[in-house]
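Take a look at the structure set out below.
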Amino acid sequence: MSTTVTPPPKKVNRIGLEVLNYKGSKTTLCAGCGHNSISERVVEAFYELGVEPWKVAKFSGIGCSSKSPAYFLGQSHGFNSVHGRMPSVATGAMLANRNLIGLGVTGDGDTASIGIGQFMHMVRRNVPLIYIIEDNGVYGLTKGQFSATADVGSTLKTGAANELPPFDCCALALKWGATFVARSFSGDKKQLQILLKAAIAHKGLAVIDVISPCVTFNDHDGSTKSYAYVKDHEEALHELDFVPFYEEISVEIPEGQVRDVELHDGSHLRIRKVGRDFDPTDRLAALSALEEAEAKGEVLTGVLYLNTSKPTFLELLNMVEEPLATLPESRVRPPAAALHEVMEELR
Amino acid sequence: MSTLEVSPLESSSGRPGEPVINDFSIQVATVNGSGSQTANSVLLRALFQMGIPVSGKNMFPSNIAGLPTWFTIRASKDGYIARRKEIDFLVAMNPETAREDVLKLDSGAAVVYDEPLGLKELRSDVHFYPVPFDKLVAPVCPDAKLRKLVRNMIYDGVVAWLLSIEMPEVRKALVKQFGKRKAKAAELNWGAAQAGFDWAARTLTKTDPYIAERMNATAGKVIIDGNSACALGAMFAGVTVVTWYPITPSSSLVESLMGYMKRFRHDPETGKATYAIVQAEDELASIGMALSAGWAGARAMTSTSGPGISLMSEFIGLGYYAELPAVIFDVERVGPSTGLPTRTAQGDLLKNAILSHGDTRHPMLFPSSPGECFSMTGEAFDLAEKFQTPVFVMTDLDLGMNNWMADPFPYPERPIERGKVLTAEDLNRLGGFARYEDVDGDGVGYRTLPGTNHPGAAYFTRGSGHNQKAQYTEREDDYVNNVDRLADKFETIRKHVPRPVVELNPKATIGLVAAGSSDYAVRESADQLRREYDTETSYLRLRAYPFTQELTDFIRRHEKVYVVDQNRDGQLVALMRLEFEAELIARLCSVRYYGGLPLDARTVTDEVVRQEGL
Ligand SMILES: Cc1ncc(C[n+]2csc(CCOP(=O)(O)OP(=O)(O)O)c2C)c(N)n1
Ligand code: SF4
Ligand SMILES: [Mg+2]
C-alpha cells in the first residue's frame, strides 16, 4: 500500500494537503518557549504522515502548555478544558467516537499536581490517546511556582530550592499500564518528531514527557529544566527511525544492532542501540534505567517502554465498531416490546 | 382466615369496636443487615396484589450491618401514599429500639414483638402480640445459619393473620421476590411464613381494629423505585455514554441501568454494546467524561448526589459556557460527608440552579413519580442536546430508592431530538459556520462533531473567552455579547421545559406550590385542610426550573402562596424570590421540612394552619 507523490506545484503530503492545513493560529506563548517547538513537531509529524486533520481531536487542561493546541492542527476539533482534568475529557470523547485520533497536551502542573489522579486512572485504563506532557518544572501560566516534577535542589529565579522529590510521570505511566512511554526534549527535533509519529501509529496510551524549558521562569542557572542543563545532561537511550506503513521497508535490519518493532498500523519503529543495550519491552529494565538516571542527574530520552499487545480501554468495553455518537435511533432505543417485558415483570 | 374479635380497646383511627379497613401504616423495626428487606417487600406486594394502594419507605442508616432500620408500609384506600407519621402497627424486632418505638406509638396501635423483649409491661393502651420467633423458626429452618434471615418471614405470616392479608398473595409475592432461580429459598421462606400464620391462628386473639380487605385500586399498576424508572428512561432515550461514581442514594440508578442495558442494548448479531458505562475514579472525572462525550456527540449522562455535584461544579460551569450537552441525575440526600447520607432532602435546588462560578444558569427537571422519572429523563436528554447545555434531573432518596406504585410507562411517542448538529453535507452546502452565532434568533448556535469528514468542521472549544467563531478573545464586547446570548438561550429553554401541573380551586385564596416527591404529602395536606379546617387551596406542582408563566399567574391569583421545601432555608422559595417582583414576593410563604424523612402531610398541614392562624 504505497503511494508515490508526483511533485505538485505546491508541496503537499500523501493525501494532497499542504503543511498549512496542519497549522493553527499564531502562538501567544513567549518567544523561545519549549512548548512552541513541540507544536512545530506536532505539525510536522501529522503532515508528514498524511493524517487527515479532521480525524484528530485535541484535548488539553489549563496552562501555557494547554493553550498550545490552538497553535497547531487548526482543522482538528479542540477542547481546552479545566485544570488537570483533560484525561477525563479525552476519555469521554473517545468513548463517544472510537474512531478519533486523540491528542492530549498538558503541563507538568496540569498532570503531576491537580491532575495526578486523572492521569493515573487514564494510565490504568490504557485509553487510546497520545498524551504529551510539556514538562518545564514550573507553573508557567501562574508565573513560575514549582511544579511536582521539579528536581530536588532545583531553584526558582528567587533562589528558593525545591526540597520535595519529583514525580517522574514516565515511571508512573510505566508502572500502571501505559503501553507507550517515552521521554524527549523540546530541543531534540529529530527524536521528538519520530516519537510523535510512533505514538500516532500506536494503538493504546502513549505518554510522552517532553522536557520543555520555560524561558521566562525556569531557564536560569540552578534549574534542572533549563535548555543548558538538559543539553548537558540528555542521555539518549537509542537512535530512532520511523518507517511509515505506506513505505516499503527497503533496508535489511542489521542483526543485533537494531530492534524493529511493528506498530499497530503497520508502521515500524527502528531502535538503534547507542552504548547500552536497552530493551523497551522490558518494564523493569525501564524503571531501573530511570532510577539510575535520576541518581546521576541525567535526562534519559527515547522510548522507555512499548507494549503492542495489551487491549485498550475501548476494546475492553466490547462496544460496537461504529462511533456511539452517531448510532441511529433504531439502534439505541429498544422496541416497545422491551418496555412491555420490563413492565410485566414489575406488576 | 382468622375470625375477628375486635376488642373494645380504643383506637386512634376508628371508633371503638369498629374495624379500620385499608387505612393503616405498618412499621417494621429491625437491624440493618438482618435480611428483613425481602420480608418487607413481600408484605408490601401482597397488599398491592390485593388491590390496596400502598407505599413502602425504607429508613435505613449509613451502615452495612448492625444499626437500626425501619421499614414503613402504608395502606390507604384513598390512595394516599406519602409517609404517614403515625404508626398503627409496629413489628418490633430490634431490641435496641423496641422500647422507644413502643413508647412513641399513639394509643390504640398494635405491636407484634419478639417475646423475650418483654414489651407488654411498657403500656396498657396498645395491643400487644408477643411471638416466640426463635421457637417457631427452628423447626422450619434446620440450617441454623439461615435462621436469622428466615425469622423475618415468620412475622410476615403473623402480620398476615392479624391483618387478614391473603396468604395466596403472600406466596405469589414471595415467588416473585425470589424469582425462578431461587425456588428453594422461596420454599424455605414460604414454610416460615406459613408457620407464623398457623401459629398466630392457633394462639392469638386479635384485639386491634386494623384490617386489609381486597379492593380494586391497583389493577394494571406496577411497583418500581424512581432510580430504576430513571434508568429505563435513559435506556429508552437512547443514552450511549454513562459515567458515574458510587454514592447513596444514586448508585442504584446506574446499577439498574447496567442490568437493563445488558438485556436490551447489545447488538443481536455481534453481541456488542451500543453504549459504554464507565465507573469513573471520582465525580470530577465522571462529569468530565460525560460532558466531553456529549461534546463528541454521544447522549451522555452521569448520576450522583449532593457531594458529587459539589465536585462537578467547575466542570458544569464550563459545560454552560462551552455549551456542552449532558444529563446529570442528582438524587438528593442530606448534607455533606456523613451528613445523613441515607436520608432524604431537596437541598440542592439553589446550588444547582446557578452551579459554578460566573453567570451560570442550569435547567432542572423535577419528576414527582416513577412515571415522570421515566418520561422526564427522555425530555432531559432532548433538552440537553437541543440547547447544548447540562440539564439536571432532580430526584431525591425518597423518590429514587423507595418503592412506588405506578401506571406502566407508555413507550415514548416522539423520536429522539438531537439538536443543531451540522454534517459534512451541511457544511458543503453552507460553505462554513460560526459555532456561537445565533443564526435562528433562539440563542442556540450550530455545532459540529469531532471526526466530521470535512476540513471546515473543526472549531476550538474553551471556556468563557470566545467570540462567535469560537476564537479566543478577552474583549469586553465579545464577552458581553456571548453571555447575553446565553441569557437569550435560557429564555428559549424556559419555553421548552415541562410545564407545571396547575389545579385551580375557584374558592381558594391560598395556593400551595411544591416540586418532586413533595407532591403526595402536599395533596394529602390539601385534603386535610379542607376536611379539618374548612380551608380550600389551589395547587401548582412545579416540574421544571426555569419557572414559567404559569407560576407567575398562579401567584397573582392567590393572596398567599405556600411554597413547600424539603430543606431548612427554603431554597425553592428563594429561587422564586430571585426572579419575581416585590408584589409577588410579598405573597410567598414558606413551609419547610428538613428532618431527613420523607415529607408527610401532617407537617405541611400543621405549618399552614399555624401561619394562617386557623
Ligand atoms: C482549578 C484551578 N486551579 C488553579 C488554576 C490556576 N492555574 C492555571 S495554569 C496553572 C498551572 C499550569 O502549570 P503547567 O500545567 O505546568 O503549565 P505551564 O503553564 O507550565 O505550561 C494553574 C495553577 C486554574 N486554572 N484552575
Ligand atoms: S511563561 Fe514559560 S511556559 Fe509560559 S509561555 Fe512563557 S516560556 Fe512558555
Ligand atoms: Mg509547567
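With respect to the conditions (1) within 14 Å of chain A (Cβ to nearest Cβ); (2) over 26 Å from residue B:57 (Cα atoms); (3) outside any helix (DSSP H, G or I); (4) touching a strand residue (DSSP E or B) at 6+ places or on another chain (Cβ under 8 Å), residue B:261 falls short on a single one, namely (3). Taken over region A:293-306, the criterion of being in a helix (DSSP H, G or I) and either within 24 Å of the chain's Cα centre (by Cα) or in contact (Cβ under 8 Å) with a residue 40 or more places away in the chain (or both) is satisfied by A:293, A:294. Among the residues of region A:104-120, just one is open to solvent by less than 10 Å² (accessible area, probe 1.4 Å), more than 11 Å from ligand 1 (Cβ to nearest atom) and out of contact with any Ser or Thr (no Cβ under 6 Å at 6 or more places or on another chain), namely A:104. All told, residue A:62 falls short of being within 16 Å of ligand 3 (Cβ to nearest atom), open to solvent by less than 10 Å² (accessible area, probe 1.4 Å) and either under 23 Å from residue A:201 (Cα atoms) or in contact with a helix residue (DSSP H, G or I) (Cβ under 8 Å, 6 or more places away or on another chain) (or both). Looking across region B:123-136, the residues that are surrounded by 16 or more Cβ atoms within 10 Å (Cβ to Cβ) and out of contact with any Gly (no Cβ under 9 Å at 6 or more places or on another chain) come down to B:128, B:129. Looking only at residues of region A:13-42 that are away from ligand 2 (no atom under 16 Å from the Cβ) and outside any helix (DSSP H, G or I), we find that the one that is nearest to residue A:188 (Cα to Cα) is A:23. Among the residues of region A:44-59, those that are assigned to a helix (DSSP H, G or I), open to solvent by 10 Å² or more (accessible area, probe 1.4 Å) and more than 9 Å from chain B (Cβ to nearest Cβ) comprise A:44, A:47, A:48, A:49. A single entry from B:180, B:148 fulfils the requirement of being surrounded by fewer than 16 Cβ atoms within 10 Å (Cβ to Cβ), in the same structural domain as residue B:53 (by TED's automatic domain parsing), closer than 20 Å to residue B:71 by Cβ and not acidic (Asp, Glu): B:148.
Residues that are within 16 Å of ligand 1 (Cβ to nearest atom), in contact with a helix residue (DSSP H, G or I) (Cβ under 6 Å, 6 or more places away or on another chain) and open to solvent by less than 40 Å² (accessible area, probe 1.4 Å) within region A:121-167 comprise A:122, A:133, A:134, A:135, A:140, A:147, A:148, A:149, listed in sequence order. Restricted to region A:84-99, and to residues there that are within 22 Å of residue A:38 (Cα to Cα) and open to solvent by less than 10 Å² (accessible area, probe 1.4 Å), the residue that is nearest to ligand 1 (Cβ to nearest atom) is A:84. Within region A:16-43, the only residue that satisfies the criterion of being within 15 Å of ligand 1 (Cβ to nearest atom) and at the interface with chain B (Cβ under 9 Å from one of its Cβ atoms) is A:28.
Where strands (runs of 3 or more DSSP E) fall wholly inside region A:65-176, the ranges with 3 or more residues that are at the interface with another protein chain (Cβ under 10 Å from one of its Cβ atoms) and either more than 16 Å from ligand 2 (Cβ to nearest atom) or modelled with pLDDT of 95 or more (or both) are A:77-80.
Residue B:581 passes every criterion in (1) touching a residue at least 40 places away in the same chain (Cβ under 8 Å); (2) surrounded by fewer than 20 Cβ atoms within 10 Å (Cβ to Cβ); (3) more than 24 Å from the chain's Cα centre (by Cα) apart from (1).
If you go through region B:434-463 one residue at a time, how many are more than 9 Å from every other protein chain (Cβ to nearest Cβ), closer than 22 Å to residue B:293 by Cβ and open to solvent by 40 Å² or more (accessible area, probe 1.4 Å)?
The number of residues fulfilling the criteria is 1.
I'd like to know if region B:78-88 contains one or more residues that are buried (at least 18 other Cβ atoms within 10 Å of the Cβ) and farther than 20 Å from residue B:517 by Cβ. Within region B:78-88, one or more residues are buried (at least 18 other Cβ atoms within 10 Å of the Cβ) and farther than 20 Å from residue B:517 by Cβ.
The single condition among (1) within 15 Å of ligand 3 (Cβ to nearest atom); (2) under 19 Å from residue A:294 (Cβ atoms); (3) out of contact with any strand residue (DSSP E or B) (no Cβ under 9 Å at 6 or more places or on another chain) that residue A:175 does not satisfy is (1). For residue B:65, the conditions (1) surrounded by fewer than 21 Cβ atoms within 10 Å (Cβ to Cβ); (2) modelled with pLDDT of 95 or more; (3) not β-branched (Val, Ile, Thr) are fulfilled apart from (2).
Checking the condition within 29 Å of residue B:444 (Cβ to Cβ), in contact with a Lys or Arg (Cβ under 8 Å, 6 or more places away or on another chain) and modelled with pLDDT of 95 or more, which residue from B:353, B:276 passes? Just one listed residue meets the conditions, B:353. So for region B:406-426 (the condition being more than 10 Å from chain A (Cβ to nearest Cβ), more than 22 Å from residue B:288 (Cα to Cα) and of a type in the set (A, V, I, L, M)), does at least one residue qualify? Yes, there is a match, as at least one residue in region B:406-426 is more than 10 Å from chain A (Cβ to nearest Cβ), more than 22 Å from residue B:288 (Cα to Cα) and of a type in the set (A, V, I, L, M).
Of all the criteria given as (1) over 30 Å from residue A:155 (Cβ atoms); (2) part of a helix (DSSP H, G or I); (3) open to solvent by 60 Å² or more (accessible area, probe 1.4 Å), the one not satisfied by residue A:239 is (2). Residues in region B:383-408 that are open to solvent by less than 10 Å² (accessible area, probe 1.4 Å), of a type in the set (D, E, K, R) and closer than 30 Å to residue B:323 by Cβ: B:385, B:396. Among the residues making up region A:99-125, those that are within 16 Å of ligand 3 (Cβ to nearest atom) and over 13 Å from residue A:65 (Cα atoms) are A:112, A:113, A:114, A:115, A:116, A:119.
Is it the case, given these coordinates, that residue A:187 is touching a residue at least 60 places away in the same chain (Cβ under 8 Å), within 14 Å of chain B (Cβ to nearest Cβ), of a type outside the set (Ser, Thr, Tyr) and more than 16 Å from ligand 3 (Cβ to nearest atom)?
In short, no.
Checked against (1) within 30 Å of residue B:449 (Cα to Cα); (2) within 16 Å of ligand 3 (Cβ to nearest atom); (3) aliphatic (A, V, I, L, M), residue A:96 passes all but a single condition, namely (2). For region B:472-528, the set of residues classified as within 14 Å of chain A (Cβ to nearest Cβ) and either open to solvent by less than 30 Å² (accessible area, probe 1.4 Å) or more than 29 Å from residue B:441 (Cβ to Cβ) (or both) consists of B:473 only. Taken together, the residues in region A:186-216 that are surrounded by 23 or more Cβ atoms within 10 Å (Cβ to Cβ) and within 16 Å of ligand 2 (Cβ to nearest atom) amount to 7.
The values are calculated or read from the model by the stated rules, or taken from the named source; none is laboratory data. Remember, it's a predicted structure, so these values are computed and weren't measured experimentally. Cβ: placed from backbone, ideal geometry, glycine included. Neighbour counts: every protein chain shown. Note: accessible area is taken over every heavy atom of the protein model, side chains too, but ligands, DNA and RNA are not part of it. Shrake-Rupley method; radii C 1.70, N 1.55, O 1.52, S 1.80 Å.
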